[in-house]
Protein chains: 2
Amino acid sequence: MTKNTIAEKLVTAGIKPTRIRVALATMLLSGKDQHVTADSVVSIARQKGIRTSVASVYNTLNQFADCGLLKRIIVDHGPIFFDTNTDNHYHVYHENSGTLTDLPAETLQITGIDEIPRTGTITGVDVIIRVSA
Amino acid sequence: MTKNTIAEKLVTAGIKPTRIRVALATMLLSGKDQHVTADSVVSIARQKGIRTSVASVYNTLNQFADCGLLKRIIVDHGPIFFDTNTDNHYHVYHENSGTLTDLPAETLQITGIDEIPRTGTITGVDVIIRVSA
DNA sequence: GTCAGTGCAAACCCTTTGCAGAAAG
DNA sequence: CTTTCTGCAAAGGGTTTGCACTGAC
């Protein structure tokens, strides 16, 4: 049942629901919001008995991100975080632990974005609040 | 004259004004605001006849950033940008060209930061508006 | 049987590090 | 002379790529 809706979600996003894609989508897209790295996904997948590789995980995560099922978050030059919450929202980065937490869009009010000088369309507004203990 | 004030600026920041440090500081801190990468600094420096190496440029830029003379900007997994404008401000990232432009702090009004749930102190608020042609 | 998907290993880019030589006081 | 700085080359971390194998229709 869940598997069906996950597979459908992939099809709707324009991705063929293959074995690992469904496996990773089930891991990532059917539970609660989480921030994962490619490495953590490989570990979790293997714990669950899913046989896969780093390359396939990167391929899959990038496909998911490219079609809007995941959001990429860049906080520093370390690993890229993938956010399963694709709603418009912001992030708090805890520098000591290297972890992220979500900040719902309502928490911050940002005005003036429409007035910025630009050519083209805005594809994203990334806000990261860095905190240190 | 300029050299003296640059050297003094380094001393004030707690850095001993050595040959490349003064050379790079002169390149970066005495003109107008710019966004550079380690690689671009090496190129520019060599064009100006300054003999240096990638390692020294990284060392120097990191020292400058650590003591507040430059700001690091992370936009993606590519090279780190160093911003010579250390005032509180935000950025527009032009995805097609891979370039950054500044957005003065007054351009955006962000309210609600004080109310976010956190432990510790806020060490930075990074805002990157991504635009694509 | 065909063709996309997968996994391994190697390549890749950017950054940092180890160490010997150079420079500054 | 001593100590720090510099530069080269090698190592390092994270991601992507090339290519043969697998698996689904």
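Below is a table of values for the structure above.
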| item | result |
| --- | --- |
| Exam field: B:T86 pseudo-label spacings to other copies (7 Å along Cα-Cβ), nanometres | 4.1 |
| Rounded to the nearest 10 Å², the accessible area of B:E115 at probe 1.4 Å | 140 Å² |
| Probe 1.4 Å, protein heavy atoms only - accessible area per residue of chain B in square angstrom | 53 Å² |
| Most to least accessible of A:T121, B:T84 (protein chains only, probe 1.4 Å) | A:T121, B:T84 |
| Cα-projected label distance for B:E115 with A:T101, points at 7 Å along beta-carbon direction, nm | 1.6 nm |
| Förster-model FRET efficiency, 51 Å R0, A:N59 and B:N59, C-beta, rounded to 0.05 | 0.90 |
| Virtual spin-label span in nm between B:N85 and B:K32, 7 Å along Cα→Cβ | 1.1 nm |
| Rounded to the nearest 10 Å², the accessible area of A:S97 at probe 1.4 Å | 80 Å² |
| Euclidean distance of C-alpha centroids, the stretch B:28-84 and the stretch A:113-133, integer Å | 23 Å |
| Total charge dipole magnitude, the stretch A:7-110, about the Cα centre, Cβ charges on Lys, Arg, Asp, Glu only, Debye to nearest 20 | 700 debye |
| Chain lengthening between A:I20 and A:S132 when straightened (0.36 nm per residue, less Cα-Cα) | 36.6 nm |
| Out-of-range pairs (alpha-carbon distance over 18 Å; input B:K9/B:K71; A:K9/A:K48; A:K9/A:K71) | A:K9/A:K48 |
| Max mean-square fluctuation residue, GNM over chain A, Cα-Cα springs under 10 Å, options A:T119, A:T37, A:T99 | A:T119 |
| Area accessible to solvent at B:H35, 1.4 Å probe radius, in Å² | 50 Å² |
| Considering only chain B, percent of DSSP beta bridges that pair antiparallel, nearest 5 | 75 percent |
| All aspartates and glutamates inside 12 Å of A:K16 as judged from Cα atoms, apart from same-chain residues fewer than 8 positions distant | A:E8 |
| Shortest-first distances to equivalent copies, position A:I73, nm, label 7 Å out along Cβ | 2.2 |
| Buried solvent-accessible surface, both chains (B, A), 1.4 Å probe, Å² to nearest 100 | 2700 Å² |
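The values are calculated or read from the model by the stated rules, or taken from the named source; none is laboratory data. These numbers come from a predicted model, not from an experiment. FYI the Cβ positions are ideal-geometry reconstructions off the backbone, even for glycines, and counts take in every protein chain you see. The area values use the complete protein model at the heavy-atom level, side chains included, leaving out ligands, DNA and RNA. Shrake-Rupley method; radii C 1.70, N 1.55, O 1.52, S 1.80 Å.
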